[in-house]
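J.: So that we are looking at the same thing, I have put the structure below in structure tokens.
Derivation of every value follows stated rules applied to the coordinates shown; laboratory data play no part. For clarity, every value in this text was computed on a predicted model and none was experimentally measured. Cβ: placed from backbone, ideal geometry, glycine included. Neighbour counts: every protein chain shown.
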Amino acid sequence: AQSVTQLDSQVPVFEEAPVELRCNYSSSVSVYLFWYVQYPNQGLQLLLKYLSGSTLVESINGFEAEFNKSQTSFHLRKPSVHISDTAEYFCAVTAGGSYIPTFGRGTSLIVHP
Amino acid sequence: SQTIHQWPATLVQPVGSPLSLECTVEGTSNPNLYWYRQAAGRGLQLLFYSVGIGQISSEVPQNLSASRPQDRQFILSSKKLLLSDSGFYLCAWSVSGSGQPQHFGDGTRLSIL
């Protein structure tokens, strides 16, 4: 079975600063990896995904994540955050032939002015 | 394009009362459907999933049940609510097959008094 660890429950950062949200997974088989964002009182929205190919994937709003197989990580980064990026971020992994993801417990990104 | 509708957005119910939450998906056929619960400050807990009409798999024992009477309709029910049933309930769908991302509804905030 797979598992996902989001090492930071909360990450405070100032506006325009860079940020990295960490995600590590464990699985004995090949994986698909996802990052979702959740704004208050809303559902989760897919931010980006890694299925195969290039290990660096990007979203339309400036976030990127890199799949590192040797370190079993899929960290999310943004070089300059905005107030509007304040939200909960969830990392998820689907392993092998499964279609049911395992979610991390989430990281609350708090962007201060 | 595909859309997912979930209602009601908020619900306040007394202990011991019944529950029915509904979720419908438009713009796709034979989706996988999921019900999650998100307790305050915690991650996502998968409650039920379905790969087809009348096919329901339960992930955790509880006093909730789910039904899929139509291809794109997923219903979460309870005969008698408990205080511990309070939380944020999320419906999601995905294309069938491994490695597919999930798409979430806006959730129902359920408060039990």
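J.: Could you please find all residues in region A:1-17 being under 26 Å from A:His112 (Cα atoms), over 15 Å from the mean Cα position of the chain (by Cα) and not in a strand (DSSP E or B)?
T.: A:Glu15, A:Glu16, A:Ala17
J.: Sticking with this structure for a sec: Of all strands (runs of 3 or more DSSP E) completely enclosed by region A:22-113, which ones contain at least 3 residues that are facing another protein chain (nearest Cβ under 9 Å)?
T.: In region A:22-113, the matching strands (runs of 3 or more DSSP E) lie at A:31-38, A:44-50, A:87-95.
J.: Give the residue, chosen from B:Arg109, B:Arg37, that is closer than 23 Å to A:Pro40 by Cα, basic (Lys, Arg) and surrounded by fewer than 20 Cβ atoms within 10 Å (Cβ to Cβ).
T.: B:Arg109
J.: Report, by residue number, each residue of region A:28-52 that is hydroxyl-bearing (Ser, Thr, Tyr), closer than 14 Å to A:Phe103 by Cβ and touching a Ser or Thr at 6+ places or on another chain (Cβ under 9 Å).
T.: Of everything in region A:28-52, just one residue is hydroxyl-bearing (Ser, Thr, Tyr), closer than 14 Å to A:Phe103 by Cβ and touching a Ser or Thr at 6+ places or on another chain (Cβ under 9 Å), namely A:Tyr32.
J.: Can I ask one more? Of everything in region B:75-93 that's buried (at least 21 other Cβ atoms within 10 Å of the Cβ) and within 14 Å of another protein chain (Cβ to nearest Cβ), which residue is farthest from A:Pro101 (Cα to Cα)?
T.: B:Tyr89
J.: Within region B:7-22, which residues are closer than 12 Å to B:Ile75 by Cα and polar (S, T, N, Q)?
T.: Scanning region B:7-22 gives a single hit, B:Ser20.
J.: Six or more apart or on different chains, Cβ atoms under 6 Å: show the pairs whose first residue is in region A:13-31 and farther than 26 Å from B:Gly97 by Cβ and whose second is assigned to a strand (DSSP E or B) and basic (Lys, Arg).
T.: Between residues of region A:13-31 that are farther than 26 Å from B:Gly97 by Cβ and residues that are assigned to a strand (DSSP E or B) and basic (Lys, Arg), the close pairs are A:Val19/A:Lys78; A:Glu20/A:Arg77.
J.: A further question follows. Hey, could you check region B:43-72 for residues that are in contact with a Lys or Arg (Cβ under 7 Å, 6 or more places away or on another chain) and surrounded by 12 or more Cβ atoms within 10 Å (Cβ to Cβ) and say which is nearest to the other protein chains (Cβ to nearest Cβ)?
T.: The extreme case among them is B:Gly43.
J.: Then there is this: Would you check if there is a residue in region A:84-97 being without any contact (Cβ under 8 Å) to a residue 60 or more places away in the chain, within 16 Å of B:Ser98 (Cα to Cα) and of a type in the set (A, V, I, L, M)?
T.: No, region A:84-97 has no match at all.
J.: Filter region A:62-71 down to residues that are over 13 Å from A:Val19 (Cβ atoms) and more than 11 Å from the chain's Cα centre (by Cα) and give me whichever is surrounded by the fewest Cβ atoms within 10 Å (Cβ to Cβ).
T.: The extreme case among them is A:Ser70.
J.: Tell me which of these B:Gly99 doesn't satisfy, since it passes every other one: (1) at the interface with another protein chain (Cβ under 9 Å from one of its Cβ atoms); (2) part of a strand (DSSP E or B).
T.: All conditions are met except number (2).
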